[in-house]
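The values are calculated or read from the model by the stated rules, or taken from the named source; none is laboratory data. Source: prediction; values computed, not measured. Here the Cβ positions follow ideal geometry from the backbone for every residue, glycine too, while neighbour counts run over all protein chains shown. We work out accessible area using only protein heavy atoms, side chains counted, and drop any ligands, DNA or RNA first. Shrake-Rupley method; radii C 1.70, N 1.55, O 1.52, S 1.80 Å.
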Amino acid sequence: MTTISAKSDVVTLINVFTVEPANQRRFFDILTAATESSVGQAPGFVSASLHRSMDGTKVTMYAQWGSIDDYQAMRRNPLALPFFQEALMIARFEPGVYEVVRTFAPGEPN
């Protein structure tokens with residue numbers, strides 16, 4: 001389960017993919033298959049959440065990794081490579097690496 005906390009040492013990747021609305025479901029399925037078959041078993045993988053835009057033009061993956069080195073090692077894994085190649089044939093990719101600075105919830109002090 002994804003836990004978002006400024007006290008966590010995980011590396012957060014927020015990757016936004018732009019797709020044609022007709023390809024959103026296919027793209028979502030590619031990322032799901034990649035995560036279930038190889039990415040999710042990679043050392044350092046913590047969690048991932050997939051989001052799809054209501055207009056069909058975006059898919060966003062919020063992923064947490066133990067370190068940026070863990071993520072980079074997964075990207076070099078030959079088991080994951082075919083999924084990435086297929087995904088990039090139908091989507092434009094805007095990656096981002098982040099750290100959580102602050103979270104907000106009802107009733108929490110400022």
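If you check Ser47, Ser38, Ser53 for being within 17 Å of Glu99 (Cβ to Cβ) and open to solvent by less than 50 Å² (accessible area, probe 1.4 Å), only one passes: Ser47.
Taking segment 62-89 as the search range and keeping residues that are touching a residue at least 60 places away in the same chain (Cβ under 8 Å) and in a strand (DSSP E or B), which one is surrounded by the fewest Cβ atoms within 10 Å (Cβ to Cβ)?
Out of the qualifying residues, it is Tyr62.
Filtering segment 96-105 down to residues that are open to solvent by 90 Å² or more (accessible area, probe 1.4 Å) and not aliphatic (A, V, I, L, M), which residue is farthest from Gln72 (Cα to Cα)? Taking the candidates together, the pick is Phe104.
Within segment 16-59, the residues that satisfy the criterion of being closer than 17 Å to Leu88 by Cα, assigned to a strand (DSSP E or B) and touching a helix residue (DSSP H, G or I) at 6+ places or on another chain (Cβ under 9 Å) are Phe17, Val19, Leu50, Arg52, Lys58, Val59.
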